[in-house]
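Engineer: To start, I am sharing the structure in question, which I have written as structure tokens.
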Amino acid sequence: MMTESTIHSQLEKFLHDQGTGQYSHLLAHLVVALVILLIGTFSGGVSRLILRRLVRPLLGRRTSWIEPLTRRHVLFRLSRFALPLVVYCSIPLLFADRPDVATMMYRAVAIWSLFVGALVVEALVNVAADLCVQFPSLRHSPIRSYAQVVKLVVWVTFALLALTKLIDQSVTAVLAGLGAATAVLLLIFKDSILGLVASIQIAALDMVRVGDWIQMDKYGANGDVVDISLTTVKVRNFDKTIVTIPAYCLVSEPVVNWRGMTEAGGRRIKRSLRIDQDAIHFADEALLERCRRMELLDEYLSAKEEELELWNQTRRKEDHPVNARRLTNIGLYRAYVSAYLRSHEHIHASGLTFLVRLLEPTEVGLPLQIYVFTKTTVWAEYEAIQSDIFDHLLAVLPEFDLKIYQCT
């Protein structure tokens, strides 16, 4: 049986006989290298088919695992080990007469194998992250940040091992040599380190999740969080633009998270109607008669008129309006607004803050503030409900002899 060196020698002799002359040695190397590449490529394809045949029975009914394995090209990356393995076995055939070159090739193949191994581990980490997202309890966790940390460790380890193979030194010696470069490395990986610490804080304190509506005016962010990575947080604004924010900024700077509003099941309406103060007066009989015909004020008027009548009977005669307690048009309107909102099907009448109040008078009118919560948190529905409410409240003002203040 021919040895590897004999095979190479015979091929070189054959090429020399074909008239290649002084190039026969080089051509022999090229032919052998081409054959090795073809065998390695063929071996990769065969190994990929074998892996597919083995993986499906092993997974069994766990079909949800197959899609991430396929999408992340795990089997394809595993099959890449075939080519460096074939090259490793073929080094004596190519460089039997050059032991120095053979040694360099062994190192190169080792680094190549480490690189393929790092690719495989990276793909498996991606698969694990994809599978974790399928669990409802982990869906809002910064899984991608953790995955990126693991991948960073994998590639740093690969770089160290590759460097040890390249310079033929131990890992301890390489780490000792890198000690002087620690400051430079910290500067290079500053964002990654800060992002890692911030990601841990964000996850531990449950500050921000994917899907939260956050607001950071400094960065022009006002929308939903679509991605949390090791160094950045992506926010899709309501105008569909994407804002990228450094992860550590969510820990070191003010950020408004509207998640509480969503979990509470209500979105706040906080708006004021500025009433013209010249239109405010005591309620006369004509106004009271109009209000008695308003269904929403029946209960309020009955109780209030009885209360005022009892109070006034214990006092002296009403020889002057200020000597008796009387209803006012602004008070009646405030009671009507409160009753209208409590009867509204889209407003929380209990459980969440419900206020209809008068604020301090200003030079641009008397603010009647409405502070209530809608039963929906969807932006478009919320705006429609708010607009319908104020359409009605503005239109009903003249029934109470009131009007909105307008600068002239």
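The values are calculated or read from the model by the stated rules, or taken from the named source; none is laboratory data. Being a predicted model, the structure only gives us computed values, none of them experimental. Positions of Cβ are backbone-derived with ideal geometry, glycine not excepted, and every protein chain shown enters the neighbour counts. Remember, those area values only see protein heavy atoms, side chains included, never the ligands or the DNA or RNA. Shrake-Rupley method; radii C 1.70, N 1.55, O 1.52, S 1.80 Å.
Engineer: Solvent-accessible area of His281, probe 1.4 Å, all protein chains present, reported in Å² to the nearest ten, please.
Structural biologist: Here the residue's solvent-accessible area equals roughly 70 Å².
Engineer: Using amide H atoms built in the peptide plane, which far-off residues or other-chain residues are under 5 Å from Ala349 H to H?
Structural biologist: It is none; the list stays empty.
Engineer: Treating cross-link reach as a plain straight distance, find the lysines whose alpha-carbon is under 24 Å from the alpha-carbon of Lys165, omitting any fewer than eight places away in the same chain.
Structural biologist: Within the straight-line limit of under 24 Å, Lys165 reaches these lysines: Lys151.
Engineer: What whole-number value in cubic angstrom gives the convex hull volume per residue for the C-alpha atoms of the range 273-408?
Structural biologist: 141
Engineer: How large is ³J(HN,Hα) for each residue in the range 364-377, as worked out from phi by the Karplus curve 6.51 cos²θ - 1.76 cosθ + 1.60 (θ = phi - 60°), to whole Hz, x for Gly and Pro?
Structural biologist: 10, x, 9, x, 9, 8, 10, 10, 9, 10, 7, 8, 10, 10
Engineer: Run the quick spin-label model on Phe115 and Ile404: label points 7 Å from Cα toward the beta carbon, then report their separation in nm to one decimal.
Structural biologist: Inter-label distance under the simple model: 6.9 nm.
Engineer: Which residues' amide hydrogens lie under 5 Å from the amide hydrogen of Ala283, considering only partners 5 or more residues apart or on another chain, with H built in the peptide plane?
Structural biologist: Sorted by chain and number, the residues that satisfy this are Leu327, Thr328, Asn329.
Engineer: Sorted by packing (mean other beta-carbon atoms within 10 Å per residue), highest first, where do 285-291, 323-329, 333-339 land?
Structural biologist: Averaged packing, sorted descending, gives the order 333-339, 323-329, 285-291.
Engineer: If you don't mind, another one. When the chain is fully extended, how far beyond the present Cα-Cα distance does Thr362 get from Tyr106, taking 0.36 nm per residue of separation?
Structural biologist: Full extension of this stretch gives 83.6 nm more.
Engineer: Given the whole protein assembly as supplied and a 1.4 Å probe, what does the accessible area of Met104 come to in Å², nearest 10?
Structural biologist: Probe radius 1.4 Å; accessible area of Met104 about 130 Å².
Engineer: Got the relative contact order for the range 289-395 handy, in percent, Cα pairs under 8 Å and 6 or more residues apart?
Structural biologist: Across the range 289-395, relative contact order equals 17 percent.
Engineer: Then there's this: How large is ³J(HN,Hα) for each residue in the range 234-251, as worked out from phi by the Karplus curve 6.51 cos²θ - 1.76 cosθ + 1.60 (θ = phi - 60°), to whole Hz, x for Gly and Pro?
Structural biologist: Result, rounded to whole Hz: 9, 10, 8, 5, 5, 8, 6, 7, 10, 10, 9, 10, x, 4, 5, 5, 5, 9.
Engineer: For the range 220-266, state which chymotrypsin sites (Phe, Trp or Tyr not before Pro) are in a DSSP loop and have at most 16 other beta carbons lying within 10 Å of their beta carbon.
Structural biologist: Passing sites in the range 220-266 are Phe238, Trp258.
Engineer: So, one more: Using amide H atoms built 1.01 Å from N in the peptide plane, name the residues 5+ places from Asp227, or on other chains, whose amide H lies under 5 Å from its own.
Structural biologist: Placed amide hydrogens put Lys234 under 5 Å from Asp227.
Engineer: Same structure again: Apply the Karplus parameterisation 6.51 cos²θ - 1.76 cosθ + 1.60, with θ equal to phi minus 60°, to every residue of the range 280-293 and state each ³J(HN,Hα) to the nearest whole Hz, in sequence, with x for glycine and proline.
Structural biologist: 7, 7, 5, 6, 8, 5, 5, 5, 4, 5, 4, 5, 5, 7
Engineer: Okay, next question. Determine the gain in length on full extension of the stretch Arg325-Phe135; use 0.36 nm per residue of separation and subtract their C-alpha separation, reporting nm with one decimal.
Structural biologist: 62.0 nm
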